[in-house]
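Here's the structure, in structure tokens; my notes come after.
Rule-based calculations on the coordinates, nothing more; no lab input. Predicted, not measured: the structure shown is a model, and the values here were computed from it. Don't worry about glycine lacking a Cβ; one is built from the backbone with ideal geometry, like all the others, and counts go over all protein chains shown.
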Amino acid sequence: MDIEVFQECIKETYFEKDNQRGIQGTFVWFIEEVGELARAIGKGDHKEKEEEFADVFAWLVSLANLCNINLSEASQKYMEGCPKCQTKKCICNI
């Protein structure tokens, strides 16, 4: 899957509703989905985890659309490795 294609798909499908809800309202939905993902990770059910990861990703993309952020471009900061320690295999103390 291409991130730009997915971002455009989410925009076509949800932008009108997300725009009416606004950034703050959409962010609240995103956080709710993160909570659902946390619960799914705790339960260990693979299918539920998969669904919640997809939901979190879709809501993140919706937020990016509202903020006019191209996620494909933004994510380039990680393509050369860790942006903090500048290595392909992170050696940061985090």
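Please give the FRET efficiency for residue 23 paired with residue 89, using the beta carbon to beta carbon distance and R0 = 41 Å, rounded to the nearest 0.05. Please list the in-between numbers first.
Values: r = 35 Å, r/R0 = 0.86.
My answer for the efficiency is 0.70.
Note: relative contact order over segment 3-78, using C-alpha pairs below 8 Å and six or more positions apart, is 47 percent.
Length available on full extension from residue 36 to residue 57: 0.36 nm per residue minus the Cα-Cα distance, which gives 6.3 nm. The gain in end-to-end length when the residue 16 to residue 82 segment is fully stretched comes to 20.2 nm, 0.36 nm per residue minus the alpha carbon separation.
Can you list the GluC sites (Glu not before Pro) in segment 43-85 that are in a DSSP coil and have 15 or fewer other beta carbons within 10 angstrom? Answer in residue order: 80. Placing +1 on the Cβ of every Lys and Arg and -1 on the Cβ of every Asp and Glu, with nothing else charged, gives the chain a dipole about its Cα centre of roughly 520 debye.
Loop by DSSP (not H, G, I, E, B), at most 12 other beta-carbon atoms within 10 Å: where is the longest site-free stretch of the chain for trypsin sites (Lys or Arg not before Pro)? Please report the intermediate quantities before stating the final value.
Values: sites that count: 84, 88, 89.
Between the exposed loop sites, the longest stretch runs 1-83.
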